[in-house]
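What follows is a short report on a single structure.
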Number of protein chains: 2
Amino acid sequence: MELTEKKTGGREVYHGRIVNVQMDDVLLPGGKTSKREVVEHPGGVVILPLDEQMRVITVTQYRYAIGRTMTELPAGKLEPGERADPAAAALRELREETGATPGSFVPLGVLHSSPGIFTETLYLYLARDLTFDAPAPDEDELLVIERVPFDVLVQRIMDGAITDAKTVAAVLKTKVRLHL
Amino acid sequence: MELTEKKTGGREVYHGRIVNVQMDDVLLPGGKTSKREVVEHPGGVVILPLDEQMRVITVTQYRYAIGRTMTELPAGKLEPGERADPAAAALRELREETGATPGSFVPLGVLHSSPGIFTETLYLYLARDLTFDAPAPDEDELLVIERVPFDVLVQRIMDGAITDAKTVAAVLKTKVRLHL
């Protein structure tokens, strides 16, 4: 079954600080036409830093869009030019937010946050064998860094205390991968 | 540590078909001010329909924002007025997309797709003891409905074939919950 939608026109209807919005005209497989509203996001990286005692370094910060503080894995947006090497961006972000440098750094796959409308693509990594320097967070970032036992993090996901999609996905993929 | 950001002003900078964008002025805990760009989304529901043979009903469709077809769990946006009862919206969506009515329907928690900028809140449900009528999809929705063994779906998540955040989260939460 042919499902592909082809762009026939469109324009940028919003140009913002982090996102842009594109309104496109598309041709559907059956020959009908439609509109597609697309929120363009630069994408990002997500790191699950797991220490020798099987604790995960988490970041708690206020999320204005949601209206409360949330506990998440360290993450950051991709800058222009970083898309070719998201692993390098992830290592930089991990170092800045937590001070950690990993001896082992493996991809946990890609995540699409909301593929119906949002282009955001996240690159997930598992970081182990950590050594630490002082973190160097952005001045504007007000963060609480904690070390949470892996099992406790899973429990907080299962009981609904942690609701961030990238954190849920990366923690549970790691649980399956490492048989934890 | 006080992390809350307080709105001091702002305006809608984009009013779209599915999303709106709000640009707010905020007061940070330290007394500094900043801007917050917020993409407002109506939220949605996600259903994991699991049949007696431990197969999951999946929906494959073209995702224009990502530029390819994606396999996902059945899901839908909340209409205005449905936010007070997302379970009812989820039952309607499941019925429309797959024809299924569940005998057992339990919440799997809430998911925030991209809390740094996006308000989208998803309500996840596990549907079991399914009985079937003919599905009644929206005319514009070109979908391929399949039944995929639960273990195969987990494998496709782990090997990177499935990248949709809501699907990864709901399938792996179900795996942990049901000890699958």
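Before moving on, here are some points about what is shown:
- Output for segment B:25-47, where each listed residue is touching a residue at least 12 places away in the same chain (Cβ under 8 Å), more than 18 Å from the chain's Cα centre (by Cα) and not in a strand (DSSP E or B): B:L28, B:P29
- Check on A:T69, under 30 Å from A:F150 (Cα atoms) and of a type in the set (S, T, N, Q): yes
- Selection from segment B:49-65 of residues that are over 16 Å from B:G99 (Cβ atoms) and either facing another protein chain (nearest Cβ under 7 Å) or not in a loop (DSSP other than H, G, I, E, B) (or both): B:T60, B:Q61, B:Y62, B:R63, B:Y64, B:A65
- Checking B:P80 against (1) modelled with pLDDT under 95; (2) farther than 21 Å from B:P42 by Cα, the condition it does not meet: (2)
- A:R68 passes every criterion in (1) within 14 Å of chain B (Cβ to nearest Cβ); (2) over 30 Å from B:L73 (Cα atoms) apart from (2).
- The single condition among (1) outside any strand (DSSP E or B); (2) within 20 Å of A:L111 (Cα to Cα); (3) more than 16 Å from the chain's Cα centre (by Cα) that B:T69 does not meet is (1).
- Residue check: B:A90 meets all listed conditions (1) crowded, with 23+ Cβ neighbours inside 10 Å; (2) in a strand (DSSP E or B) but one, namely (2).
- For the residues A:Y125, A:Y64, the requirement of being in contact with a Lys or Arg (Cβ under 9 Å, 6 or more places away or on another chain) and among the hydroxyl-bearing types (S, T, Y) singles out A:Y64.
- Condition check for B:L50: within 21 Å of B:R156 (Cα to Cα), buried (at least 21 other Cβ atoms within 10 Å of the Cβ) and touching a residue at least 40 places away in the same chain (Cβ under 8 Å): yes
- Selection count where residues are surrounded by fewer than 16 Cβ atoms within 10 Å (Cβ to Cβ), closer than 14 Å to B:V39 by Cβ and more than 8 Å from every other protein chain (Cβ to nearest Cβ), scope segment A:2-42: 1
- Checklist (1) of a type in the set (V, I, T); (2) touching a residue at least 40 places away in the same chain (Cβ under 8 Å); (3) closer than 12 Å to B:I47 by Cα applied to B:I117, failing item: (3)
- Leading residue by the ranking (modelled with the highest pLDDT) among those in segment B:92-139 that are more than 13 Å from chain A (Cβ to nearest Cβ) and on the phi > 0 side of the Ramachandran plot: B:D129
- Among the residues listed as A:R147, A:R177, A:R128, the single one being of a type in the set (K, R), exposed (fewer than 15 other Cβ atoms within 10 Å of the Cβ) and in contact with a strand residue (DSSP E or B) (Cβ under 7 Å, 6 or more places away or on another chain): A:R147
- Test for A:V56: is it touching a helix residue (DSSP H, G or I) at 6+ places or on another chain (Cβ under 6 Å), within 21 Å of B:A165 (Cβ to Cβ) and assigned by TED's automatic domain parsing to the domain that holds A:I157: yes
- Qualifying residue in segment A:140-150 (condition: part of a helix (DSSP H, G or I), more than 8 Å from chain B (Cβ to nearest Cβ) and out of contact with any helix residue (DSSP H, G or I) (no Cβ under 8 Å at 6 or more places or on another chain)): no
- Matching entry among A:R95, A:R68, A:R17, A:R11 (being among the charged types (D, E, K, R) and touching a residue at least 24 places away in the same chain (Cβ under 8 Å)): A:R95
The values are calculated or read from the model by the stated rules, or taken from the named source; none is laboratory data. What you see is a predicted model; the values in this text were computed from it and never measured. Counting neighbours? That spans all protein chains shown, and the Cβs are built from the backbone with ideal geometry, glycine included.
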